[in-house]
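Before any comments, here is the structure.
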Amino acid sequence: MKNKRNQISKRIISLLTAVVLLAGISLPTAYADYDVYPTGVTMAVKKKTVKKGTHFELFARVSPYNAEDDALTWSIVKGKNIIRFEDYDRDGDEQEFIALKKGTAKVCCQIRGTNKKAYTTIVVKKASSKGTIKRIGPKTRTIAVGEDFDLEVRKSAGVRNRNLKWSIKNTSVVRFDDYDRYGDDVEFRAVSAGTTKITCKNKKTRKSVSFTIKVVNRNNRYYDD
């Protein structure tokens, strides 16, 4: 009787081992490269409102918390003419987008190889202002010869750095510190005593702001840092 029970136990163990092996073989090959494959995904926000021309990010959360976020893949399932991806990357737990025009779009984050998905609705509104730029800091600056300094403007939503071009009226007084001539923040160098005007212009709207730069010799103790 005892031998019979032992034989039955061995058969059960053999069957269980076979089931485990078969289950292991049937797992999707995509899972093999991950230590912990996610079993669930949720979006950080269900709805997000942005303005036309803005860059924005979306975030997803996986479960369990220590699962590999590289198993996530993103897609725009509605409104591909409303928003677009900022680059070619489609993996991970965060993605960057650009709002192209007014309207509603829908973004999906999915666990690769499964039907588990999460969604965020994006509402793009019209930009409140059209291509405006504003001066940051005082209009007139006093700089010592040989010093580097930067000038900055605040741009409204939709204004791209590539459309903001800087110019110097008298380059014998001030010159660019490098080859950068575009953007909302540009660096300069004071080269000789004198006064000049530096202008930042939005090439698209033709709107501009200017700074007056007074360059003084270092032995003049009345200059500002």
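A few points about this structure:
- Taking the stretch 113-155 as the region of interest, the strands (runs of 3 or more DSSP E) fully inside it that hold 3 or more residues being at pLDDT 95 or above and more than 17 Å from I198 (Cα to Cα) are 117-125.
- Residues of the stretch 192-209 classified as assigned to a strand (DSSP E or B), of a type in the set (S, T, Y) and at pLDDT 95 or above, total: 3
- For the stretch 45-58, the tally of residues that are of a type outside the set (D, E, K, R), at pLDDT 95 or above and surrounded by 14 or more Cβ atoms within 10 Å (Cβ to Cβ) stands at 1.
- Checking each residue in the stretch 161-191 for being of a type in the set (G, A, S), closer than 24 Å to K134 by Cβ and not in a strand (DSSP E or B) picks out only G183.
- Residues in the stretch 105-158 that are within 20 Å of K204 (Cα to Cα) and in contact with a Leu (Cβ under 9 Å, 6 or more places away or on another chain): I133, R135, V153, K155.
- Condition check for G158: under 23 Å from K51 (Cβ atoms), touching a residue at least 24 places away in the same chain (Cβ under 8 Å) and not in a strand (DSSP E or B): yes
The values are calculated or read from the model by the stated rules, or taken from the named source; none is laboratory data. Here the structure is a predicted model, which means the values were calculated and not measured. Please note: Cβ atoms are built from the backbone with ideal geometry, for glycine as well, and neighbour counts cover all protein chains shown.
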